[in-house]
Amino acid sequence: MTNSDLDKITVNGDRLWRSLMDLAEIGAYDDERTGLRGVNRLALTDADATGRRQVIAWMEDAGLSVRVDRMGNVYGRREGTDPSARPVLTGSHIDSVATAGAFDGCLGVLGGIEVVRTLDERGIRTRRPIEVGVFTEEEGVRFGTDMLGSAVAAGRLSLAYAHGLTDRDGRTLGDELARTGFDGHADVRLTPPYAYVECHIEQGPVLAENDVEIGVVTGVQGISWQEITIHGRAAHAGTTPTRLRADAGLAAAQIIVHLRELVDSGEYGDLRATVGHLIVHPDLTNIVPARAEMTVDLRNPDDAQMARAEEALATFLERLENSGPGLSLTVRRMARTAYVPFDEGVQKVIAQAADDHGLEHISLLSGAGHDAQEIAALCPTAMIFVRGEYDGISHNPREYSTPEACAHGVDVLATALLRLANQD
Ligand code: GLV
Ligand code: MN
Ligand code: MN
């Protein structure tokens, strides 16, 4: 046996898969468009609370001592032989978008618990404690700011800001924490761990295109979310001459087209732009929209290019507002994160673990946001990506990674955690 075989561990892939499928039953729904079963577990809904309670039960079964902080972030701790040593943290989220699959976030949380079960079964003690974290409202689709729980834990956003955020029905996050019983008492500011490793599905096509199972994630691109409200003037669709209209729906369409032009111009680097939410009021066939509400999601791996794209959008919005009487716009910042590079040392530990498991890997940048990008402010951090099927489709019931791919990703997680947790 070589040295690296001695601290290489393989998890129970069947048990991991069962827990993924069991958790996916909580918040499950029949998706009419795909004919598949999807998951709808928006943060701090009843379904999310039920999922959290299930995860806590699994943590306790695995012997972890559980604490809940004032953001509802849940941590399960496995003691090390040196309890004064800083822990190695792993984890992710179990809240989902409204049209999710079974894997986004859940693989990282359930993978972390599976690592603990495996260490226990093998009687392996580590020098450092290992903690598994479940972060609140990673998706940001209910309260409007993504990576919210981990951002507060890392100190980038304040607890007061987070508690005051409202969903579309006007319910505050603080009230929903209390209602679901997840308004915990543990200090929300996380004491810097020794290292953080998160295992997550890739949510894109790159690993499959390269015919490899494992991605070593080099960092996360910048994310900019804004909400734009366009105020126009309601009018009768049949009688109001075009020259007299202030059409909020038309303005929304112009914004969408302009965003695509920014992307297609090639002048803003590798910019991606999405309007994923758009509603008009009063939302009736024969009335010119009086108001439109939309969100703009921009992604860019280059912070300077991102800033230029935001400026270009702001200039366009100003022009639009001045383009005719009766139109006005309000813009609200929802979320903004810069490009976050991950730690090279942790990336090496992950790459070595993949090599020792005989798994081919490539390095890649994450297109999606992750809790890891927040925890990276506290300690050396990197991520493991697991290949997805069907072009890596995600935020969709078709999201799928095979049982083997999930198990291999968590094998790499287990070995990386074990090695980090035994470092001096
Ligand atoms: C998180 O899922 C994101 O929107 O990147
Ligand atoms: Mn995720
Ligand atoms: Mn997601």
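The values are calculated or read from the model by the stated rules, or taken from the named source; none is laboratory data. Everything numeric in this text was worked out from a predicted model, so none of it was measured. Note that we place each Cβ from the backbone using ideal geometry, even for glycine, and neighbour counts take in every protein chain shown.
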*residue 316 fails exactly one of the following numbered conditions: (1) out of contact with any helix residue (DSSP H, G or I) (no Cβ under 9 Å at 6 or more places or on another chain); (2) surrounded by fewer than 18 Cβ atoms within 10 Å (Cβ to Cβ); (3) at pLDDT 95 or above. What is the number of that condition?*
(1)
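From the list 212, 188, which one is in a loop (DSSP other than H, G, I, E, B) and in contact with a His (Cβ under 7 Å, 6 or more places away or on another chain)? Quick ask: steps written out before the conclusion?
Working: 188 fails: in contact with a His (Cβ under 7 Å, 6 or more places away or on another chain).
Among 212, 188, only 212 is in a loop (DSSP other than H, G, I, E, B) and in contact with a His (Cβ under 7 Å, 6 or more places away or on another chain).
When you go through 359, 418 one by one, which is the residue that is more than 16 Å from ligand 3 (Cβ to nearest atom) and touching a strand residue (DSSP E or B) at 6+ places or on another chain (Cβ under 8 Å)?
On the way: 418 fails: touching a strand residue (DSSP E or B) at 6+ places or on another chain (Cβ under 8 Å).
After ruling out the rest, the residue left standing is 359.
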*Mind telling me which of the residues 110, 119 ends up being more than 21 Å from residue 188 (Cβ to Cβ), assigned by TED's automatic domain parsing to the domain that holds residue 10, within 16 Å of ligand 2 (Cβ to nearest atom) and outside any loop (DSSP other than H, G, I, E, B)?*
110
*Looking only at segment 50-72, which residues are surrounded by 20 or more Cβ atoms within 10 Å (Cβ to Cβ) and part of a helix (DSSP H, G or I)?*
51, 52, 55, 58, 59
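Just to be sure before I move on: is residue 323 outside any helix (DSSP H, G or I), more than 16 Å from ligand 1 (Cβ to nearest atom) and either touching a His at 6+ places or on another chain (Cβ under 9 Å) or of a type outside the set (D, E, K, R) (or both) in the structure I sent? Spell out the reasoning first.
Details: outside any helix (DSSP H, G or I): yes; more than 16 Å from ligand 1 (Cβ to nearest atom): yes; either touching a His at 6+ places or on another chain (Cβ under 9 Å) or of a type outside the set (D, E, K, R) (or both): yes.
Against the criterion (outside any helix (DSSP H, G or I), more than 16 Å from ligand 1 (Cβ to nearest atom) and either touching a His at 6+ places or on another chain (Cβ under 9 Å) or of a type outside the set (D, E, K, R) (or both)), residue 323 qualifies.
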*Out of (1) within 16 Å of ligand 2 (Cβ to nearest atom); (2) among the aromatic types (Phe, Trp, Tyr); (3) under 25 Å from residue 424 (Cα atoms), the odd one out for residue 103 is which?*
(3)
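Hey, among 160, 151, which residue is assigned by TED's automatic domain parsing to the domain that holds residue 44 and away from ligand 3 (no atom under 16 Å from the Cβ)? First the steps, then the outcome.
Values: 151 fails: away from ligand 3 (no atom under 16 Å from the Cβ).
Result: 160 is the single residue among 160, 151 that is assigned by TED's automatic domain parsing to the domain that holds residue 44 and away from ligand 3 (no atom under 16 Å from the Cβ).
Table: residues versus (1) more than 16 Å from ligand 1 (Cβ to nearest atom); (2) in the same structural domain as residue 387 (by TED's automatic domain parsing); (3) surrounded by fewer than 24 Cβ atoms within 10 Å (Cβ to Cβ); (4) in contact (Cβ under 8 Å) with a residue 40 or more places away in the chain.
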{"site": "191", "(1), (2), (3), (4)": "yes, yes, yes, yes"}
{"site": "198", "(1), (2), (3), (4)": "no, yes, no, yes"}
{"site": "215", "(1), (2), (3), (4)": "no, yes, no, yes"}
{"site": "233", "(1), (2), (3), (4)": "yes, no, yes, yes"}
{"site": "258", "(1), (2), (3), (4)": "yes, no, yes, yes"}
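Can you work out which of the residues in segment 349-395 that are part of a helix (DSSP H, G or I) and of a type outside the set (A, V, I, L, M) is nearest to residue 153 (Cα to Cα)?
Keep residues of segment 349-395 that are part of a helix (DSSP H, G or I), which gives 349-356, 372-375, 390-392.
Applying the additional criterion that residues be of a type outside the set (A, V, I, L, M) yields 352, 355-356, 373-374, 390-392.
Details: 352: 29, 355: 33, 356: 33, 373: 12, 374: 8, 390: 34, 391: 33, 392: 30 Å.
Looking at the filtered set, the residue picked out is 374.
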*asked:* Tell me yes or no: at least one residue of segment 400-414 is more than 25 Å from residue 156 (Cβ to Cβ), of a type in the set (Phe, Trp, Tyr) and touching a residue at least 60 places away in the same chain (Cβ under 8 Å).
replied: yes
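Name every residue in segment 92-107 that is in a strand (DSSP E or B) and within 9 Å of the chain's Cα centre (by Cα), in order of residue number. If you could, list the steps in order and put the result at the bottom.
To start, the set of residues in segment 92-107 that are in a strand (DSSP E or B) comprises 92, 100.
The one that is in a strand (DSSP E or B) and within 9 Å of the chain's Cα centre (by Cα): 92.
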_Just the residues that are within 16 Å of ligand 2 (Cβ to nearest atom) and more than 26 Å from residue 335 (Cβ to Cβ), please, taken from segment 282-308._
none
